[in-house]
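Comments concern the structure below.
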Number of protein chains: 2
Amino acid sequence: MTFFDSRWVDRPAYVTELPGAGLPAGFRAAGVAAGLKPSGDPDVGLLVCDAPNATSAARFTASGVLAAPVVVCQERCRLDALRAVAVNAGNANAATGGRGMDAAAKMQGAGAMVSGVAEDQVAIASTGVIGVQLDADKVLRGLLAARGELSADAASFADAIRTTDAFPKQASLEVALSGGTVRLSAQGKGAGMIQPSFATMLCFVQTDAALSAETADLLLGVCVKRSFDRISVDGQLSTNDMAILMASGAAEVRVEAQTEDEGRFGEALDALLRQLALLIVRDGEGAKRVGRVVVTGGDQGAVDRAARGVANSPLVKAALHGGDPNWGRVVQAVGGALPGSAPLSLDVAIESVEVCAGGTAIPHDAAALADAVAGPEVEYTVSLPGEGADTEVFFSDLSHDYVTINADYTT
Amino acid sequence: MTFFDSRWVDRPAYVTELPGAGLPAGFRAAGVAAGLKPSGDPDVGLLVCDAPNATSAARFTASGVLAAPVVVCQERCRLDALRAVAVNAGNANAATGGRGMDAAAKMQGAGAMVSGVAEDQVAIASTGVIGVQLDADKVLRGLLAARGELSADAASFADAIRTTDAFPKQASLEVALSGGTVRLSAQGKGAGMIQPSFATMLCFVQTDAALSAETADLLLGVCVKRSFDRISVDGQLSTNDMAILMASGAAEVRVEAQTEDEGRFGEALDALLRQLALLIVRDGEGAKRVGRVVVTGGDQGAVDRAARGVANSPLVKAALHGGDPNWGRVVQAVGGALPGSAPLSLDVAIESVEVCAGGTAIPHDAAALADAVAGPEVEYTVSLPGEGADTEVFFSDLSHDYVTINADYTT
C-alpha cells in the first residue's frame, strides 16, 4: 500500500515511505482506552518529545466558538517550544464554559506531569461530542496509563485520536537532505461530522530535523494553507481544529532558512499534509468520490469564492456522488458565489472535457464525460476572466450515508 | 384548507382568503402543454393584464450567471409598466449564449403578439434544465394555444410553471381597504433543484388595486426581502429567479403612498409572499420539516451571516430532518460563520427551550426538547452580543430524498 495514492499529490523524489507508524528520533507516543468513547475504543493519546530544545509551530481553527483546549493552547502555551501533546477523543470540551476550562487546565497539568515537561510546553486537543462536560478524571487516568505505554511507534496514538474516521490516517517518511536523512511523521484525524460530534480536524507532525521555530512556523503555515485549508467535507468549520508541528533536532541535521534543504523539507511536508488532507476528504462521512475544483481568473477573492461555492454546493456534491456530469450545477454554483457579476464569461471543463465556453454550453462527447466522472477522483476546472489568480479546493460528495450518519442517529 | 397555515405568518384581519385560483379584475391567464417537459405536463403559461395603464415592479436573481429571459427582462422591458408574462417550464434557457438570447427574444415577441401589448411590456421567465438550447418554436406554439385558453382563473397557469414542485403554490385574497375591497393573487413555483434543473423561484403577483409604479416597486422590494430573500432549501442561488407584481387598477381603488391603505396593502402582500416562500421551503426536495432561525445582536452583518450559516449548515439541516435537538451544531455553524470572533458569547434556544447561555451548555429538559423538535416547524433562536440588529431565515431539512433526487437520477 502506498500512502501517496492520489493523482493530485506527487511524492517528491527524495522522499521515501517507511512501513508502519514509526516516529522520528526523539519522539514517543501512546494511545489508551480511558472510557470516554461509549465503544470502549482507545480515546486518550499522549505524544512526548524528549529533546529539551525542541521547536514547534501550531495552527488553530478560526471559528468564533473555540473549544477549551484551543483556548488553553493559544493562551497558556509556548507554541514555539511544545514538547508534549495530550489528546482525547469522545468529547470536544466545547461550549462547556468555566468548568470546561478547568477540565482543560487539569488535562494540561496531567500532560506535564506524565511527560515531565513544563506545563506551558504541553498542548492539549479534544474531539467528540460538544456541549457535554469533559470527565477530566478519566482523561487523567488515561494519560497516566499512556505514560507506561510510550514507544517509538505512533500506531496506538493515531488510533486513539479517531472519532468517526473509518481508517487511521498516518504516515512515516524519510527525507533525504544534503546534510543527511531526516524522518518526518504525522497522525491526522477527521471525517466530517457524526452526531453528536464536531467535524474536528487534528493533525500532529513530528520530525527529527533541527528547525528554528521561525522556520517551523513558516513551513507549517504555508503547508496548512495548501492542505487542510483547501478541503471541505461539508463546509463546516470546527471549534477544535488544530495542527501542530514539532521538531526534535535529534537527527542533528539542521534545516536552515532559505536553503535548498528548506525547500526539500517544505516540499515533503507539503506532500505529506496534502495527502493527509485528501484522506480526510476521502473519509468524509459516506463519501464515495473526491472532487477537486481548480479556479483561475484575475481576482483572487472571486476565484476563492467561486471555488468554495462549487466545493460546498450540495447540488454539485450530489452530482459527484451520482457520477453525473451535471456541469450546469457548477455554472450555477459559480454564479451564486459571485452575485452581481453578470454577465460572467466563464469556461468550465470536467476531467479536461470542455463543456462550457464564455458562459455558453458547447458540444461535447457526453458518453466519454459520463465515463470520466465515474472514477474515484473527479476534477472540475473553472476559468473566470483575467489571469494571475488561482486556487483549488478538494471536496467529498454528498451521499445517502451522510444523511444517515447525521440525521438518523437521534439522541 | 387554509392558505395561511404556518404559525410564522399571521393573516392580517382585513384579508380574506378566496377559494380557487381566481384572478383580480383585469387579469387573464392560461397554461398549456407544449412538449417541453418530457412528462407531457403543462409547461407554457401566459398571463395578461387588460388594463392599458397597468403598473408593475420586478425583482431578479443576483447570480453572476443570468439566464437569457432574465437578461431580456432587465434590458428590454419597461419593468414599471408590464402587461404580460410568458413563462415556460422544462428548460431554463441558461448558459445558452447567443442562440439562447435569440430564443428569448422570440418568446417575448410571441408573448406580445398573443397578448396584444407592446414587446417591452412583456416579461418572460423560464425554469428547467440548463445548458440545453430552448426550443423556441414549441414555446411559440404553446403561447398561441394559451391565448385561446385565457380566463380569469390562474389554476392552469400555476400548474404550467411548476417543475419539481410537489404541489402548486397559489392564493387568491381579498383585502379590505378604506376605499373599497381589492383583490390580490399570486402564483409561485420552486422546490430546490432536481437533476438537471435549477432551483428556480418564480412568483407572479396580481392586484386590481391602483398603485403607482413607485409604490409597487417599494412594496415588492420590501416584501421580497422579507420572504423569498429569507428562505433556503439548499443555499443555492438560481440563474432564473424572478418576482413580478402587476397592478391593473380595475377595482378603481387607489393605494396612495404613505397612507393607512398602503400599510394594509403592504401587510397583505407581505403575508402572501411570506406564506408562499414557506410553501417553497416546505416543498424543498425531500423536505419533512421547516426550520426558522432567528438571530439577534448588535451587528447586522454578523447577524445575517450567522443566520445564513445555520440555515445552510448540512449538519443543522440533517439534525432537523432527524428530529434531533442537536444544538451543538447550531453553535458550531454560528462559530464557523463568524471566524475570528472568539470568544463569542452566544445564547441558543430551540423551541423556546434554552440550551446554551453565554456560549456554555445549560441544563434543560432533554425529553421535552426532543418532543418539541419532532413537529413540522422548528424554531431556533440565537442571541449574539449587542442589540438593534435581527433577522430570520426559513430553511428545509436535509433528507435522503434530497440526495436521491439530486444524485441518483443520472443523465
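The values are calculated or read from the model by the stated rules, or taken from the named source; none is laboratory data. Small disclaimer: the values here were computed from a predicted structure and weren't measured. Glycine gets a Cβ as well: all are built from the backbone with ideal geometry, and neighbour counts include every protein chain shown.
Worth pointing out:
- Counted as qualifying within the stretch A:161-237 are the strands (runs of 3 or more DSSP E) with 2 or more residues that are of a type outside the set (Ser, Thr, Tyr), at pLDDT 95 or above and surrounded by fewer than 21 Cβ atoms within 10 Å (Cβ to Cβ), namely A:169-177.
- Listed by position, the strands (runs of 3 or more DSSP E) inside the stretch B:8-119 whose residues that are closer than 18 Å to residue B:243 by Cβ number at least 1 are B:27-32, B:44-49, B:55-60, B:84-91.
- Flag if residue A:33 is closer than 17 Å to residue A:248 by Cα and either among the hydroxyl-bearing types (Ser, Thr, Tyr) or out of contact with any Cys (no Cβ under 9 Å at 6 or more places or on another chain) (or both): no
- Residue within the stretch A:293-310 that is under 28 Å from residue A:162 (Cα atoms), of a type outside the set (Ser, Thr, Tyr) and surrounded by 19 or more Cβ atoms within 10 Å (Cβ to Cβ) present: yes
- Odd one out for residue B:360 among (1) facing another protein chain (nearest Cβ under 7 Å); (2) under 22 Å from residue A:318 (Cβ atoms): (2)
- Of all residues in the stretch A:285-306, those that are within 11 Å of chain B (Cβ to nearest Cβ) and not in a helix (DSSP H, G or I) total 4.
- Residue B:313 meets the conditions (1) touching a residue at least 24 places away in the same chain (Cβ under 8 Å); (2) closer than 16 Å to residue B:399 by Cβ in every case but one. The failed one is (1).
- Subset of the stretch B:334-351 that is more than 7 Å from chain A (Cβ to nearest Cβ) and among the small types (Gly, Ala, Ser) - its residue that is farthest from residue B:231 (Cα to Cα): B:345
- Within the stretch A:76-105, restricting attention to residues that are away from chain B (no Cβ under 14 Å) and basic (Lys, Arg), the residue that is farthest from residue A:40 (Cα to Cα) is A:78.
- Residue identified as free of Cβ contacts under 8 Å to residues at least 24 places away in the same chain, farther than 22 Å from residue B:215 by Cβ and in contact with a helix residue (DSSP H, G or I) (Cβ under 7 Å, 6 or more places away or on another chain) among B:31, B:45, B:64: B:64
- Test: residue in the stretch A:105-115 that is assigned by TED's automatic domain parsing to the domain that holds residue A:225, touching a Lys or Arg at 6+ places or on another chain (Cβ under 9 Å) and charged (D, E, K, R): no
- Checking each residue in the stretch B:106-130 for being more than 14 Å from chain A (Cβ to nearest Cβ) and under 25 Å from the mean Cα position of the chain (by Cα) picks out B:107, B:108, B:111, B:120, B:121, B:122, B:123, B:124, B:125.
- Listed conditions (1) within 13 Å of chain B (Cβ to nearest Cβ); (2) in contact with a Leu (Cβ under 7 Å, 6 or more places away or on another chain); (3) over 26 Å from residue A:5 (Cα atoms) are all met by residue A:325, apart from (3).
- Residue check, residue A:27 buried (at least 20 other Cβ atoms within 10 Å of the Cβ), of a type in the set (Phe, Trp, Tyr) and within 13 Å of chain B (Cβ to nearest Cβ): no
- Residue match in the stretch A:58-65 (condition: crowded, with 16+ Cβ neighbours inside 10 Å and under 24 Å from residue A:267 (Cβ atoms)): yes
- Restricting B:401, B:397 to residues that are charged (D, E, K, R), in contact with a Leu (Cβ under 7 Å, 6 or more places away or on another chain) and within 11 Å of another protein chain (Cβ to nearest Cβ) narrows the list to B:397.
- Among the residues making up the stretch A:288-310, those that are in contact (Cβ under 8 Å) with a residue 12 or more places away in the chain, out of contact with any Phe, Trp or Tyr (no Cβ under 8 Å at 6 or more places or on another chain) and of a type outside the set (Lys, Arg) are A:295, A:296, A:297, A:298, A:299, A:300, A:302, A:303, A:304, A:306, A:307, A:309.
- The set of residues in the stretch B:307-318 that are more than 7 Å from chain A (Cβ to nearest Cβ) and either in a helix (DSSP H, G or I) or under 12 Å from residue B:382 (Cα atoms) (or both) comprises B:307, B:308, B:309, B:310, B:311, B:316, B:317.
- Single match in B:40, B:64, B:20 (criterion: away from chain A (no Cβ under 14 Å), closer than 25 Å to residue A:326 by Cβ and not hydrophobic (A, V, I, L, M, F, W, C)): B:40
- Count - residues of the stretch B:131-143 that are away from chain A (no Cβ under 11 Å) and in contact with a strand residue (DSSP E or B) (Cβ under 7 Å, 6 or more places away or on another chain): 4
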